[in-house]
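Novice: Please find one structure pasted underneath; my questions will follow.
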Amino acid sequence: MTVTVPLNDGNAIPTLGLGVYQAHGREAYDAVRHALDVGYRHVDTAAMYGNEEQVGEAVRDSGLPREEVFVTTKVWNDDHGYERAIRACEVSLRRLALDHIDLYLVHWPVPGLRLDTWRALVDLRARGLVRSIGVSNYMVDHLDELAGASDVVPAVNQFELTPYNFQARRDVIARCVDDGIAVEGYSPVTRGRRLGDPSLRAIADAYDRTPAQVLIRWHVQHGFVVIPKSTNPGRIEENADVFDWELSEEDLARLDGFDEDLAVSWDPTGAP
Ligand code: NDP
């Protein structure tokens, strides 16, 4: 669980993180505490999730040195623009009650002000309030626009990624690889929607693993960062048990071909 992916700014991000979207209050706190207790070292939250306070509290209460836990949060859609994004980050830091954010992401490529938002993130990094900066739900056109306006390449691009939409994301993945942007997959276990897929189950059975573990292991073997969400202690542990076994090249290729252009969260394809 200490495996990391190097970032283009010299930092490194733990391959596995705990997602906390739709985890609220005590539930979010308990999930993060349990995850950190069993070895997770990375938590993915956002201002929009409404649980930064609980995430920060759980990180502090864990007793782990701050440097050992990687915390991501994101600037929400109504906080775009230079000044607003700066303020949004300061508010997130206050809610987290941490002295820095490890990774600060633009949550969604809202048209209009997103280049100003990016300038704010660059300045927040220069001030040391955030260690790494990146984007989320950016497709190739969004990355092109950003590259035309800024010399600072995002460290990470976080978007929905599973075998079920892999083919549709090959172009943006290739672009990220070319630019040295780490790919981070969200909704990695399809919010449960494909865990009963017979083709996935057959592979899981062959390894005596669960379908969720096969999906998460698929990310790990591709070199993607992966952030499954669970508030269930057993599933938090299950999702992390993906580092001492591996899928064969043949099964990896089979999973790559599961494509059905599935989107269980929002789909940025064609977003202006
Ligand atoms: P996931 O694919 O992680 O699925 C989470 C759901 O699956 C929950 O209902 C969870 O239930 C269930 N689940 C988790 N593990 C298992 C398992 N082993 N077996 C069966 N069911 C399981 O979806 P998310 O959309 O939550 O994505 C993960 C994270 O990615 C988010 O929490 C968030 O941090 C991030 N994200 C980012 C977005 C962005 O725009 N940047 C958009 C969407 C997500 P239970 O809790 O009961 O275990």
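Novice: How big is the Rg/Rh ratio for segment 195-252, C-alpha atoms only, Rh by Kirkwood, two decimals?
Specialist: 0.94
Novice: Rounded to the nearest 0.05, what FRET efficiency is calculated for residue 1 and residue 82 with R0 set to 41 Å and r the Cβ-Cβ distance?
Specialist: 0.65
Novice: Enumerate by residue number the trypsin sites (Lys or Arg not before Pro) in segment 134-214 meeting two conditions: DSSP loop (anything except H, G, I, E, B), and at most 15 other Cβ atoms within 10 Å of the site's Cβ.
Specialist: 193
Novice: Still on this structure, I have one more. Report the relative contact order of segment 198-254, percent, no decimals, based on alpha-carbon pairs under 8 angstrom and at least 6 residues apart.
Specialist: Normalised by residue count, the contact order of segment 198-254 is 33 percent.
Novice: Relative contact order (percent) for the chain, with alpha-carbon contacts under 8 angstrom and 6 or more residues of separation?
Specialist: Relative contact order for the chain comes out at 20 percent.
Novice: Let me ask you something else. Would you calculate a helix-derived [θ] at 222 nm for the chain, using -39,500 (n - 2.57) for each DSSP H run of n ≥ 4 and dividing by the full residue count, to the nearest 500?
Specialist: -12000 deg cm²/dmol
Novice: Over the chain, with a Gaussian network built from C-alpha contacts below 10 Å, which listed residue (129, 105, 121) shows the highest mean-square fluctuation?
Specialist: Maximum among the listed residues: 129.
Novice: I need to check one value: relative contact order of segment 68-216, counting alpha carbon pairs closer than 8 Å and at least 6 residues apart, in percent.
Specialist: For segment 68-216, the relative contact order is 17 percent.
Novice: Can you pull the one-decimal nm distance between simple spin-label points at residue 61 and residue 126, each 7 Å off the Cα toward Cβ?
Specialist: Placing both labels 7 Å along Cα→Cβ, they lie 3.9 nm apart.
Novice: Can you list, bin by bin at 10 Å, the percent of alpha carbon pairs in the chain, starting at 0?
Specialist: Cα pair-distance distribution for the chain, in percent: 7, 32, 37, 20, 4, 0.
Novice: If the viscosity is 1.002 mPa s and the temperature 20 °C, what translational diffusion coefficient in µm²/s does Stokes-Einstein give for segment 42-167 when Rh comes from Kirkwood over Cα pairs?
Specialist: In µm²/s, the coefficient rounds to 144.
Novice: Mind checking which of 236, 133, 227 has the largest fluctuation in a GNM of the chain, springs on alpha carbons under 10 Å?
Specialist: Per the Cα network of the chain with a 10 Å cutoff, 236 tops the list.
Novice: Kindly state, as a whole number, the per residue volume in cubic angstrom of the convex hull around the alpha carbon atoms of segment 1-98.
Specialist: That works out to 100 Å³ per residue.
Novice: When 1/r is averaged over all different Cα pairs and the result inverted, which Kirkwood radius in Å belongs to segment 146-220?
Specialist: 13.7 Å
Novice: Here's a follow-up. Enter the Cα centre distance for the pair segment 1-70 and segment 186-222, rounded to the nearest angstrom.
Specialist: 22 Å
Novice: Which log10 I(q)/I(0) values, to two decimals, does segment 131-261 give at q = 0.09, 0.12, 0.16 Å⁻¹ under the Debye formula with one point per Cα?
Specialist: Summing over Cα pairs of segment 131-261 leads to -0.27, -0.48, -0.80.
Novice: For a paramagnetic label modelled at 7 Å from the Cα of residue 237 toward its Cβ, which residues of segment 194-216 fall within the zone defined by backbone nitrogen distances under 18 Å?
Specialist: 209-214
Novice: Looking at the chain, send over the antiparallel percent of its DSSP beta bridges, to the nearest 5.
Specialist: 10 percent
Novice: Using the beta-carbon distance between residue 202 and residue 246 and R0 = 22 Å, what value does 1/(1 + (r/R0)^6) give for FRET efficiency, to the nearest 0.05?
Specialist: Efficiency at R0 = 22 Å is approximately 0.80.
Values quoted throughout were computed directly from the atomic coordinates according to the rules given, and no laboratory measurement underlies them. Keep in mind that this is a model prediction, so the values were computed, not measured. No Cβ is skipped: glycine too gets one built from the backbone with ideal geometry, and neighbour counts run over all protein chains shown.
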